[in-house]
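One structure is given below, encoded as structure tokens.
Every number here is computed from the coordinates shown, using simple stated rules; none is lab data. Here the structure is a predicted model, which means the values were calculated and not measured. Methodologically, a virtual Cβ is constructed for each residue, glycine included, from the backbone with ideal geometry; neighbour enumeration extends over all protein chains shown.
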């Protein structure tokens, strides 16, 4: 037996017109690209990404984290030198993360070390 919710959910997904309640059922990919200042040392950069990684243990809803320096030979990075990706359990988890004081502390440190940043989130 197929429930009405399942039928509605499939239709909403196909049409990309997801309602708030359905959106909260989807995981979120949070992608952040950073233009690290040239004056930052490798050790400072490493320590920064360790602090970002540690947020997984401090903030609920972060399911996965990965980070690294730009490494493609394409040269399409537009000056962005490093990036990280977080997967959140839901849009609600991501929204809570954004307001969390632990995130704010790390964000403030990031802002002192970069020339620019780009954040891009999408539903999964």
- Place the peptides 76-88, 56-68 in order of packing, highest mean first, counting for every residue the other Cβ atoms within 10 Å and averaging per peptide. 76-88, 56-68
- Would you mind checking segment 40-56 for residues with the amide N under 11 Å from a putative spin-label position 7 Å along Cα→C-beta of residue 109? 44-55
- Approximate spin-label separation residue 39-residue 116, in nm, with each point projected 7 Å along Cα-to-Cβ: 1.9
- Once normalised by the length of segment 26-123, the mean sequence separation of its alpha carbon contacts under 8 Å that are 6 or more apart gives a contact order in percent of 50
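Viscosity 1.567 mPa s, temperature 4 °C: Stokes-Einstein D of segment 49-105 from its Kirkwood Cα radius, in µm² per second?
The calculation lands on 103 µm²/s.
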- Cα-based Debye curve of segment 26-123 sampled at q = 0.10, 0.15, 0.21 Å⁻¹ gives log₁₀ I(q)/I(0) of -0.26, -0.59, -1.12
